[in-house]
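First the structure, in the form of structure tokens, and then the observations on it.
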């Protein structure tokens, strides 16, 4: 027997047989595609074996070549079917790789037929016979075709493809399959490829025997596929059993699901057949006999859920396993129901979804409830988050389970941080203990609580929080926890504090100022007063007071007036102003000033009277004192207002002017001004008001007052402005100065008399001088006249001489007359007359006058007269008097001075400041210390027989000229008396 | 017509009217007069040789009448003073008179009163001059004596005897005698009485008796 032929034939036959078998299987069940492919492949392997045999039996290279050529056809089929098998049966392998393999193989096949003889050989040169299995077989000798690589490459790719697929299957978990199918294919294809490559490239000399390997693959695949055949039979038997059980089970399920209102369905996916229970039809609104398909189902699904449904189904198809979905359906009657579907998907051996089965339940009610709950929760959330307060909730376990947005924003923490007892971290350590205690205690008692504590804000500052917590109860009345709201009361606390302080301050201020606040609610007749005030009046500080109770403290005489005023104010709505007395608890009486206004209510009727009262007892007392003072004043007091009307007078004024008070008040003040001054008086008043200040009126003027009986009298007025709230008042103090004027006049007269007397006295002092002065001219007259007589007696009369003589007599006579006139002027009584006086001339006159006296006293007189001395306005006689007095005093002072030293210096000088100074300096005894003080006093004298009028008069005269007189001792002995007079017009 | 005694009259008064009046009056009485405003002016004038009198006002600035009197006395001038005054002052008057004034008149004075004074004054002045001359002569004679002789003379006129004189002086009587004789000769006197008169004329105070 030819072993080669035998083996190859048997192999081929076996393959054919297997092919046939599996072909029939496929014929029966068109879904068993793997079987078909296997059949094809087995056939191809058989053909391959046959061709190999043909090759081995080839006689000629051409035969060999043809066989080789035709070998590629089944080879291609094998490759393709292997690829297909892997893909179909193993359900693995990358598609692109698959196509690449097939594509490449196709290319090589085409190339094979294009080239001659075939793709393996460029040329077959000859045949060699080798011994194979005891038989000689043909082996080609020739030039290998490089294009052979294409075919071999495709095999390589196939190997890679299969490897990849195997790995995928292995990974998938089908280890048996991977090993059996994938592994075997891999092994044998690799071997076949190696063998083919080796032979093809002439590396080994062996006949092509790749079919053996492929046969091995076929065998492996057949085994694999046979399992199914085996299993099928087992399954058929089992199936029967199962079917029975299934029917039983189905019945039970039906029962159960019907009872539970569940709809069952089973979906044959490939056939798109949905088996459903009656219930299901009911649920979904399908008619009893209506066929149910997935599409049909989709149609009744709510448009909004369709997409989701599709996706779920898609997912289901791909993955298999269980799923759950909720969706709405629109029933034929238009109503919408929620369906909860729970199902599972079975995948077939190819991994495709084969069966799905599930349960559908109408969950509309639940859904609605859920929806409502969600809405309700959402509403709650909205409200909670929108609330201006911080809201927290806790459950029955005391732990907090909710904080609204404001809370979280306030604390700057997340919900997770705050939940449970996390919120307590934000509470101020000092308050935490108390907080928890309060909360816990209330919680235990299921009571509401309020607490204040400090909570840390997101910026780290602790803010005061007022937390109101109330217990929550569910619909059944069971306790379900607490809910609380918190408000940031920091500002409030601060404001309260500030308000408290402000109130305290105000109370303090009011107390200090003795102010009281009052409120009288007219309609309710409720009187409220500030605490201190009430206490002072002995009224109860708390509790309701009626107006009458308050009025009980008002002095009985003022009660009616007060009551009336308040009622009027309440009625008219106007502001009111009162002054009244109150009787304190100790019985003392105080004056109160009360100002207030009305607060108008909604109906524009005065509702509340509000006022301020202040104790004005002191002021009243002061007013009283003022009034008494004014009345008691010895001078006349008159108060005159801005318009010049008399507002107030005292008794003295009445007496002074002879009017009664009533006749004066309200009258213009001009009624007491003499007519000739009346016109200009308002101007003076205006001037005073323009620059009001306390001063004497009419400085420099003589003022007179006019009595009622039209008589006038001299007055002096002092003016003081007084500011009152009602405007400025002028307080005039009027003094009747008639008496004073009278005495002034008398004094003036006395002075003049005194002056006169003094002049007379001075003249008396100057008797010597006077006598001397007169004697001189008289001697002259007598001498001349006697001489004249003798001349005449002698007989030698010289007429010329006589004339001279007579002229001299006349002159002397005049001279004597002048002297007498001078004396007369000096001693005449009379008031001072002012005229322009040149002091120097005056000095000269006086010097001449006193010269005899000076000579008598052996006293030298020296004059130092300032040539620039201005003339002054003065009374020449009075000044002469001054000088003579001083000179006489000087003579007296020098009585004990040695004759040679007796000297008198009279000097006039012009001072730089517009005054002139005259001085009389002697060399006498000087002024003693005791005398100095009283030197110029009237009736002070150091002379034993002096009247002491001299220097007093000197001072009076000098001062009346506006000058000053002084005296001092001089170095070198003696005294110097000097007086200064203003050069300008003197003031009297 | 009365013949006025010879002599010059000086009138000193600070007042012009008075001066003028006086001058005229004096002239009308036939006297020659000179007027001065002040005593110093008068003293400046060289002394006149003949009898003179001075009418002077007591109260004058500068050197007054009293001062003038004193000055004249000091200078042994023979002018006789007539004081006139504007106002009377008894002490002053007495003082003036005591000092040798002729008279003390008050202004306004009577003209004849004044002229009488002037007359008296001139007479006295002349008398004074005569006496003065005599005195000078006597003195001149006395000057001729030696000191010793003078001493002797002094004692002689007291009536002392020569012996007494000798004893007083501590010399011999003889000496005294000699001196006495010389004295008498020099002085040209014959008797003690004459000597005494001479000495009296000279104005020498006698030595007091023991």
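The values are calculated or read from the model by the stated rules, or taken from the named source; none is laboratory data. Since the model is a prediction, treat every value here as computed from it, not as a measurement. As a convention, Cβ positions derive from the backbone with ideal geometry for all residues, glycine included, and neighbour counts pool all protein chains shown.
Can we say residue A:808 is within 15 Å of residue B:29 (Cβ to Cβ), assigned to a helix (DSSP H, G or I) and within 11 Å of chain B (Cβ to nearest Cβ)? If you could, list the steps in order and put the result at the bottom.
On the way: within 15 Å of residue B:29 (Cβ to Cβ): no; assigned to a helix (DSSP H, G or I): yes; within 11 Å of chain B (Cβ to nearest Cβ): yes.
Taking the combined requirement at face value, the residue does not satisfy it.
Which of (1) surrounded by 15 or more Cβ atoms within 10 Å (Cβ to Cβ); (2) touching a residue at least 40 places away in the same chain (Cβ under 8 Å) is the odd one out, the single condition residue A:513 does not satisfy?
Status for residue A:513: all satisfied but (1).
I'm trying to understand the selection: among the residues of the stretch A:432-474, which are under 16 Å from residue A:392 (Cβ atoms) and in a helix (DSSP H, G or I)?
Result: A:432, A:435, A:436, A:438, A:439, A:440, A:442, A:443.
Could you list, in sequence order, the residues of the stretch A:876-896 that are in contact with a strand residue (DSSP E or B) (Cβ under 8 Å, 6 or more places away or on another chain) and within 30 Å of residue B:63 (Cβ to Cβ)? Don't jump to the end; show me each part of the working.
Here is the first cut: in the stretch A:876-896, the residues in contact with a strand residue (DSSP E or B) (Cβ under 8 Å, 6 or more places away or on another chain) are A:876, A:879, A:882-883, A:886-887, A:889-891, A:893-894.
Hits for the stretch A:876-896 are A:883, A:886, A:887, A:889, A:890, A:891, A:893, A:894.
Residues in the stretch B:49-77 that are within 14 Å of another protein chain (Cβ to nearest Cβ) and not in a loop (DSSP other than H, G, I, E, B): how many?
Pass one, the stretch B:49-77, residues within 14 Å of another protein chain (Cβ to nearest Cβ): B:55-68, B:70.
Now narrow it down to the ones that are not in a loop (DSSP other than H, G, I, E, B): B:55-57, B:65-68, B:70.
Qualifying residue count for the region: 8.
So, residue A:137, is that one surrounded by 17 or more Cβ atoms within 10 Å (Cβ to Cβ) and more than 15 Å from residue A:75 (Cβ to Cβ) or not? Break it down into steps so the answer makes sense when it comes.
Details: surrounded by 17 or more Cβ atoms within 10 Å (Cβ to Cβ): yes; more than 15 Å from residue A:75 (Cβ to Cβ): yes.
Against the criterion (surrounded by 17 or more Cβ atoms within 10 Å (Cβ to Cβ) and more than 15 Å from residue A:75 (Cβ to Cβ)), residue A:137 qualifies.
Taking the stretch A:523-538 as the search range and keeping residues that are touching a strand residue (DSSP E or B) at 6+ places or on another chain (Cβ under 6 Å) and not in a helix (DSSP H, G or I), which one is nearest to residue A:571 (Cα to Cα)?
That would be A:527.
Regarding the stretch A:206-213, can at least one residue be identified that is touching a helix residue (DSSP H, G or I) at 6+ places or on another chain (Cβ under 8 Å) and without any contact (Cβ under 8 Å) to a residue 24 or more places away in the chain?
From the stretch A:206-213, those touching a helix residue (DSSP H, G or I) at 6+ places or on another chain (Cβ under 8 Å) are A:206-213; that's our starting set.
From the residues that got through so far, the ones that are without any contact (Cβ under 8 Å) to a residue 24 or more places away in the chain too are none.
No, that holds for no residue.
Inside the stretch A:742-769, can you point out the residues that are touching a residue at least 60 places away in the same chain (Cβ under 8 Å) and within 14 Å of chain B (Cβ to nearest Cβ)? It would help to see each step written out before you state the result.
So in the stretch A:742-769, the residues touching a residue at least 60 places away in the same chain (Cβ under 8 Å) come out as A:751-763, A:765-766, A:768-769.
Those that are touching a residue at least 60 places away in the same chain (Cβ under 8 Å) and within 14 Å of chain B (Cβ to nearest Cβ): A:765, A:766, A:768, A:769.
Which one of these does residue A:797 not meet: (1) more than 9 Å from chain B (Cβ to nearest Cβ); (2) modelled with pLDDT under 80; (3) over 30 Å from residue B:30 (Cβ atoms)?
(3)
From the set of residues in the stretch B:78-122 that are surrounded by fewer than 18 Cβ atoms within 10 Å (Cβ to Cβ) and outside any helix (DSSP H, G or I), which is farthest from the other protein chains (Cβ to nearest Cβ)?
B:100
Can you pull out the residues in the stretch B:1-48 that are more than 14 Å from chain A (Cβ to nearest Cβ), in contact with a helix residue (DSSP H, G or I) (Cβ under 9 Å, 6 or more places away or on another chain) and assigned to a loop (DSSP other than H, G, I, E, B)?
Hits for the stretch B:1-48 are B:5, B:6, B:7.
Are any of the residues in the stretch A:397-409 on the phi > 0 side of the Ramachandran plot, at pLDDT below 90 and part of a loop (DSSP other than H, G, I, E, B)?
Let us first name the residues in the stretch A:397-409 that are on the phi > 0 side of the Ramachandran plot, namely A:398.
Next cut, at pLDDT below 90 only: A:398.
Next, only the ones that are part of a loop (DSSP other than H, G, I, E, B) stay: A:398.
Checked the stretch A:397-409: at least one residue is on the phi > 0 side of the Ramachandran plot, at pLDDT below 90 and part of a loop (DSSP other than H, G, I, E, B).
So, in the stretch A:855-872, of the ones that are surrounded by fewer than 19 Cβ atoms within 10 Å (Cβ to Cβ) and at pLDDT 85 or above, which residue ends up nearest to the other protein chains (Cβ to nearest Cβ)?
Top of the filtered list is A:860.
I'd like to know if the stretch A:425-440 contains one or more residues that are surrounded by 12 or more Cβ atoms within 10 Å (Cβ to Cβ) and more than 37 Å from the chain's Cα centre (by Cα). So that I can check it myself, show each step before the final result.
First pass over the stretch A:425-440, keeping only residues surrounded by 12 or more Cβ atoms within 10 Å (Cβ to Cβ): A:425-428, A:431-432, A:434-436, A:438-440.
Narrowing further to those that are more than 37 Å from the chain's Cα centre (by Cα): A:440.
Yes, the conditions are met somewhere in the stretch A:425-440.
Take residue A:4 and decide whether it is in contact with a helix residue (DSSP H, G or I) (Cβ under 9 Å, 6 or more places away or on another chain), at pLDDT below 80 and either buried (at least 24 other Cβ atoms within 10 Å of the Cβ) or in a helix (DSSP H, G or I) (or both).
On the way: in contact with a helix residue (DSSP H, G or I) (Cβ under 9 Å, 6 or more places away or on another chain): yes; at pLDDT below 80: yes; either buried (at least 24 other Cβ atoms within 10 Å of the Cβ) or in a helix (DSSP H, G or I) (or both): yes.
So residue A:4 fits the description; yes.
Being more than 8 Å from every other protein chain (Cβ to nearest Cβ) and either closer than 23 Å to residue B:57 by Cβ or touching a residue at least 24 places away in the same chain (Cβ under 8 Å) (or both) narrows it down to one residue among A:788, A:817; which is it? Can you show your working first?
On the way: A:788 fails: more than 8 Å from every other protein chain (Cβ to nearest Cβ).
Exactly one of A:788, A:817 is more than 8 Å from every other protein chain (Cβ to nearest Cβ) and either closer than 23 Å to residue B:57 by Cβ or touching a residue at least 24 places away in the same chain (Cβ under 8 Å) (or both), namely A:817.
How many of the residues in the stretch A:938-959 are surrounded by fewer than 18 Cβ atoms within 10 Å (Cβ to Cβ) and modelled with pLDDT of 75 or more?
So the answer is 1.
Scan A:846, A:827 and give me the residue that is more than 7 Å from every other protein chain (Cβ to nearest Cβ) and buried (at least 21 other Cβ atoms within 10 Å of the Cβ). Steps first, please.
On the way: A:827 fails: buried (at least 21 other Cβ atoms within 10 Å of the Cβ).
From the options A:846, A:827, the qualifying one is A:846.
Yes or no, residue by residue, for (1) touching a strand residue (DSSP E or B) at 6+ places or on another chain (Cβ under 6 Å); (2) touching a residue at least 12 places away in the same chain (Cβ under 8 Å); (3) more than 13 Å from residue A:83 (Cα to Cα):
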residue: A:151; (1), (2), (3): no, yes, yes
residue: A:159; (1), (2), (3): no, yes, no
residue: A:164; (1), (2), (3): no, yes, no
residue: A:171; (1), (2), (3): no, no, yes
residue: A:184; (1), (2), (3): no, yes, yes
residue: A:195; (1), (2), (3): no, yes, yes
residue: A:201; (1), (2), (3): yes, yes, yes
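In the stretch A:565-612, what count of residues is obtained for those that are assigned to a loop (DSSP other than H, G, I, E, B), touching a strand residue (DSSP E or B) at 6+ places or on another chain (Cβ under 9 Å) and under 16 Å from residue A:534 (Cα atoms)? First the steps, then the outcome.
Filtering the stretch A:565-612 for residues assigned to a loop (DSSP other than H, G, I, E, B) gives A:573-575, A:584-588, A:601-605.
Among the residues that remain, those that are also touching a strand residue (DSSP E or B) at 6+ places or on another chain (Cβ under 9 Å) are: A:573-575, A:584, A:601.
Filter again for under 16 Å from residue A:534 (Cα atoms), leaving A:584.
Summing the residues that are assigned to a loop (DSSP other than H, G, I, E, B), touching a strand residue (DSSP E or B) at 6+ places or on another chain (Cβ under 9 Å) and under 16 Å from residue A:534 (Cα atoms) in the stretch A:565-612 gives 1.
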